[in-house]
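The values are calculated or read from the model by the stated rules, or taken from the named source; none is laboratory data. These numbers come from a predicted model, not from an experiment. Using ideal geometry, Cβ is built from the backbone for each residue, glycine included, and neighbour counts are taken over all protein chains shown. What goes into the accessible areas is simple: the full protein's heavy atoms, side chains included, and nothing from ligands, DNA or RNA. Shrake-Rupley method; radii C 1.70, N 1.55, O 1.52, S 1.80 Å.
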Amino acid sequence: MRVIRVLMTFLLASFGLVAFGQELLWEANLSAKSASIVRASNGDVYVARIDYTPLVSVHVDCYDGNGNLKSTKLIGTWGAQPAQVHSADLFGSTLYFVIQFEGWSRIAQFDTDSASGSSIYPLSAGSAVEVRWLTPTFGNYCVIGERESDGAHVIQVRSQASGDVLREVVTSHRLSSIHGPVGGFYYVIGTYTTSGQNRFVVHRVSGSANTQYSAIVSNLHSNILTTPLQGVLTSQGTLFLVSNYYNGVSTFNLFVIPFSVPNLTFSNPWEENLAGTESYLRAQTALGANGLFLALHNRYVGLSNTGGLTFELNYPFAPATAFSGTAVTDTNGSAVVLLRTGSAAKLLRIGVSGIVLNQHDVPVDGMLLQSVIDAAGTLRFTHSDVFNDHTLVALTQASLTLPGPYTIGGNPLVGTISIGGPAPAGGATFDLFSNNPAVVVPTSVTIPAGQSSVNFTITTTAVATNAKPTINARYNGIVLQSNFDLAAPLIQNVTATPQSQYGGVNIAGTVQLTGPAPSGGKVVTLTSSNTARATVPANVTVPAGATSANFTITTIPTLVNASSVITATTGAVSKTRFIAIVAPVLQSATLTNTSIKGGQSTTMVVSLGTAAPTGYTVTLLSGAPSLVQLPSSYAVPAGTTTVNVPVLTSPVTSTIAVTLVAYRGPYIKVMTLTLTP
């Protein structure tokens, strides 16, 4: 009897890392000897399967996200013989898959909306090796195989709607895999033999006429096997081709073949001897934004989009060998890998740098066969048990989320743990761990029975430099991990009080940080853009635990109004404050005696608002220079605020009033001096 289980693993992007968890959700059993799975956008799982009753019976089953069988449909029945289904894919509401027998094949189209009726198209390419479909916009799919009548190798592009052959290419090359589409074209990989040496060939085809190109890659290893294992085509036009060559023992060789679209212009292929054996696990590939991931039987390898080796590491478990496996890439570029190791199975999530981010034991019996992952991070895979039955396993969704984009040390933050369903009786208690002493979490936190999430408070202390602490949460085999940016305090503001001041009078400055200063304090660098009129200390230290510190802005007397920009800096962050340095103004001008006898003298007292700089003068005028004599200007000594100006007079025969004026700039002071006989 065939057992079908579903594995659902939730990968939730938190700031800086991805949380990852798993717990058995459901298990469904049915009789199947071959199966191919595909997921729908609504979370349903479609399983195309074969059973022997004793005839070959092909069914399509639909399961919802909780493992409930929603529908089952018999597609067709054939005479008893070895058969399998493969290459299931879903476009819109139409499910496509290949039914392959010994020497002939069929393509099935199934309407998932009505769950009734299907179309079966015979393949003149009898033994279909692989099928690829374009999006419904292009309306076609590609098939490769061997023709029943003469065994010729055939490439077909067929109509998605009718199954009719739009384009057929007959070749003498042995065809092994289809890649694309890129720019509306499929790229078919094949091999051929010349002078006892095996070579690769690439065919480029579409549903239109006159679109077939071929390119021979002839400078690869002479002993490659006739069938490449796998290939992946990037949107940039780089073909990663994984193949074996024989050199006394079966050894993995990786060929990276860059070519340009559309004319298949090849540059020099890159070849890497991976020194692995072919036995048990063949290379499992996953392609993300950062290049190609390879899961081999004893280690894993990462390659850049240009073919350079980025990492090559051993598996983090013993014995470090795998008998079967699958590999897919999630939306964050991490590889999600399932590996069968003896009597156990491992589920790994490996980041783009090659670091194993998470590792779990998975309830799997038998050989791993196929896996798919959707945009929400739900992973589904099949495997066969010891009776050659298939298994599809489901795990609950679980996540650890932290707020972003960063937290200033000394400020708390709230984390959230969520699971895919209600917690059991007694609750789900997660043990919590932090890898940074500046970040403190509770020893544990419990999701109450019947609930699916819980919040907890994370306490932080001030740090001198930025850090990226990691929080772990563990419960019943689930290991969740997330990290966040813990930031050192930075300058938030610099103030000046008052912002406008007379030269020679100090201004009070204050720096404010984004958070508490760490142990030893936080040094803030200070500068002035006009040191001739305003100076500041080179730096000021905010004491540990404080968020601000004061400093003095020393201004220098000026003859004319001036300005300066005060800058406070921590690291790469600066804050500025504009200040104005004001020249002294004429505040008052008065006479010690406002009425005197002509011929006598008096004094004019000139006062400024602040100390005078060097060269500061006041202009003086007399309304009757022959009767009252004043100097045309008078200097106020530097550093003083007042000066006494002598006022001389001449004798008069009658009483007369004389107007006197003292001014500087717009500031004018008017006085009246009365002279008597």
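Key figures for this structure:
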quantity	calculated
Solvent-accessible surface (1.4 angstrom probe) belonging to residue 452, in square angstrom, nearest 10	50
Accessible-area order (highest first, 1.4 angstrom probe) of the listed residues 433, 101	433, 101
Where 330, 361, 111 fall by accessible area, highest first, once all protein chains stay in place (1.4 Å)	361, 111, 330
Length gained when the stretch residue 532-residue 493 is fully extended (0.36 nm per residue, less Cα-Cα span)	11.6 nm
Inter-label distance, nm, simple model (7 Å from Cα along the C-beta direction), residue 170/residue 619	10.9
Order of exposure, largest accessible area first, which applies to 484, 91 with probe 1.4 Å	91, 484
Anchor residue 468: lysines whose Cα lies under 26 Å away (excluding residues fewer than 8 positions away in-chain)	522, 575
Pairwise centroid distance, computed over Cα atoms, of region 423-465 with region 638-671, Å	81
Residue 663 accessible area, assembled protein chains, probe 1.4 Å, Å²	80
Within straight-line cross-link reach of residue 346, lysines at Cα separation under 27 Å, skipping those fewer than 8 residues along the same chain	33
Percent antiparallel among DSSP beta bridges (both partners in region 491-580, rounded to 5)	95
Karplus-derived 3J(HN,Hα), 6.51/-1.76/1.60, for each residue of region 401-410, Hz, glycine and proline x	10, 10, x, x, x, 7, 10, 6, x, x
Relative contact order %, region 517-618, counting alpha carbon pairs below 8 Å whose residues are six or more apart	22
Exposure of residue 70 as accessible area (Å², to 10), given a probe of 1.4 Å and all protein chains	120
Net lengthening on full extension, residue 550/residue 652 (0.36 nm per residue, minus Cα-Cα)	30.4 nm
Difference of contour (0.36 nm per residue) and Cα-Cα distance, residue 434 to residue 162	92.0 nm
Inter-site label distance for residue 453 and residue 406 at 7 Å from Cα along Cβ, in nm	2.6
